């Protein structure tokens with residue numbers, strides 16, 4: 001992938017302080033342009049930072065704060081610009097199933113729903129702006145996003161700083177991490193849906209009485 005290699009080469013040429021700023025920007029931009037492979041780029045940035053004797057804590061904080069800030073910026077954009085903008089920006093139908101599911105999930109599970117969806121590729125970028133358009137309270141959303149981002153990027157930072165000089169192994173680990181996180185998040189979603197269905201089914205006969 002020539003574009004990815006160009007970005008990796010660009011990161012390699014940055015001094016440590018600028019590298020941390022670039023990592024924060026990449027983590028933020030992931031919320032705005034979802035196709036960007038931010039996880040790989042952030043991992044590579046952490047890998048370079050470790051080789052330049054940068055502490056893992058500044059690297060983690062830069063990425064974590066950048067990602068949370070980007071997500072909350074998209075929440076604010078969705079709240080201000082509304083559903084029509086989201087439909088155009090993300091190519092989804094306004095008032096469609098995604099919107100209805102998000103509203104139902106938020107009403108039933110609150111911040112837990114937002115935490116889980118941050119690990120689902122293709123969904124996590126849509127949730128903050130959609131939540132803004134639906135006027136979901138920002139406090140619970142921000143806490144869930146901050147917690148999920150801390151877990152995700154904390155793991156990536158740890159892997160990057162313990163990889164030694166082997167970038168190829170780190171890249172494979174990031175790929176596996178993304179796959180397994182999506183599988184586990186999907187399993188949680190299915191479990192919650194199954195629990196909701198069972199509760200509805202048991203409540204049905206009682207309501208008929």
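Looking at segment 55-77 only, could you name the residues that are surrounded by fewer than 19 Cβ atoms within 10 Å (Cβ to Cβ) and either touching a helix residue (DSSP H, G or I) at 6+ places or on another chain (Cβ under 7 Å) or not in a helix (DSSP H, G or I) (or both)?
Within segment 55-77, 55, 56, 58, 65, 69, 76 meet the criteria.
Among 139, 155, which is at pLDDT 75 or above, out of contact with any helix residue (DSSP H, G or I) (no Cβ under 6 Å at 6 or more places or on another chain), farther than 20 Å from residue 33 by Cα and loosely packed, with under 13 Cβ neighbours inside 10 Å?
139
How do the pairs read when you match residues in segment 123-142 that are on the phi > 0 side of the Ramachandran plot with residues anywhere that are surrounded by fewer than 19 Cβ atoms within 10 Å (Cβ to Cβ) and in a helix (DSSP H, G or I), using Cβ under 9 Å and keeping only pairs 6 or more apart or on different chains?
135/79
Taking only segment 78-104 into account, find how many residues are touching a helix residue (DSSP H, G or I) at 6+ places or on another chain (Cβ under 6 Å) and either within 22 Å of residue 23 (Cα to Cα) or modelled with pLDDT of 85 or more (or both).
3
Taking the condition in a loop (DSSP other than H, G, I, E, B), modelled with pLDDT of 75 or more and buried (at least 16 other Cβ atoms within 10 Å of the Cβ), does residue 116 pass?
no
Just checking, which of 170, 184 is part of a helix (DSSP H, G or I), touching a residue at least 24 places away in the same chain (Cβ under 8 Å) and buried (at least 19 other Cβ atoms within 10 Å of the Cβ)?
On inspection, the qualifying residue turns out to be 170.
On the basis of being within 23 Å of residue 115 (Cα to Cα) and part of a helix (DSSP H, G or I), does residue 22 make the cut?
no
The values are calculated or read from the model by the stated rules, or taken from the named source; none is laboratory data. All values reported here derive from a predicted model rather than from experimental measurement. Methodologically, a virtual Cβ is constructed for each residue, glycine included, from the backbone with ideal geometry; neighbour enumeration extends over all protein chains shown.
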